[in-house]
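Structure record follows, encoded as structure tokens.
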Amino acid sequence: MQLADVFRRVIDEGFNRGNFDAWDDCMAQQMAEHQYGLPPALAELKRAIGALRAAFPDFHLTIDDTVTNGDTVWARMTATGTHRGPFFGLAPTGKTFSICVIDVCRFENGKIVEHWGVPDRFALLDQLGGLRRGAPEPARA
């Protein structure tokens, strides 16, 4: 299986369907998750993404572009969902969102061993109504 195919399975099965058991074939048990600052354990990532899916039960990632370079897959994706559960201290709003996500995954022996993710959290919080609006505070010297 090509690395981009493994990445696509992680997205389709785990993130989009909530089938985290499929990740056991795609990710090392001691993978390093740099996005969330989690301990290097696949079980921790499953828990974190389970919480994300609880806040956004219809959470969906669409893969827009991928590039494979050696042992690394880079992806640009669009994340969408509806805010149905608590998230970053925000009570459910029922609002939908659509943001850009950039992922980088490094592989060893066909499995993801490291992940870096860059979701546009400011756009997400803005679309959910979680950012304050008003005049910007003056810069301090």
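Please treat every number below as a calculation from the coordinates, not as lab data. Everything numeric in this text was worked out from a predicted model, so none of it was measured. Positions of Cβ are generated from backbone atoms using ideal geometry, with glycine treated the same way; all protein chains shown enter the neighbour counts.
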### Message
Here's a check for you: in region 92-122, which residue that is small (Gly, Ala, Ser) and touching a residue at least 60 places away in the same chain (Cβ under 8 Å) is farthest from residue 5 (Cα to Cα)?
### Response
117
### Query
Only one of (1) under 16 Å from residue 10 (Cβ atoms); (2) surrounded by fewer than 15 Cβ atoms within 10 Å (Cβ to Cβ); (3) of a type in the set (A, V, I, L, M) is not met by residue 91, so which one is it?
(1)
### Task
Output the residue which, of all residues in region 57-69 that are without any contact (Cβ under 8 Å) to a residue 40 or more places away in the chain and touching a Phe, Trp or Tyr at 6+ places or on another chain (Cβ under 9 Å), is nearest to residue 11 (Cα to Cα).
65
## Note on the structure
The lone condition residue 53 fails out of (1) in contact with a strand residue (DSSP E or B) (Cβ under 6 Å, 6 or more places away or on another chain); (2) surrounded by 18 or more Cβ atoms within 10 Å (Cβ to Cβ) is (1)
### Query
residue 77 versus (1) under 15 Å from residue 53 (Cα atoms); (2) in contact with a helix residue (DSSP H, G or I) (Cβ under 9 Å, 6 or more places away or on another chain); (3) surrounded by 14 or more Cβ atoms within 10 Å (Cβ to Cβ): which is the lone unmet condition?
(1)
### Summary
Going through region 95-141 in order, the residues found to be of a type in the set (Phe, Trp, Tyr) and either surrounded by fewer than 12 Cβ atoms within 10 Å (Cβ to Cβ) or farther than 22 Å from residue 71 by Cα (or both) are 97, 122
### Task
Go through the residues of region 114-121 one by one and say whether even a single one is hydrophobic (A, V, I, L, M, F, W, C) and within 14 Å of the chain's Cα centre (by Cα).
yes
### Task
Could you grab me the full set of residues in region 79-112 that are touching an Asp or Glu at 6+ places or on another chain (Cβ under 6 Å) and either among the β-branched types (Val, Ile, Thr) or closer than 15 Å to residue 123 by Cα (or both)?
81, 82, 99, 100
### Query
Among the strands (runs of 3 or more DSSP E) contained in region 1-83, which hold 3 or more residues that are over 14 Å from the mean Cα position of the chain (by Cα) and either over 19 Å from residue 108 (Cβ atoms) or hydroxyl-bearing (Ser, Thr, Tyr) (or both)?
60-69
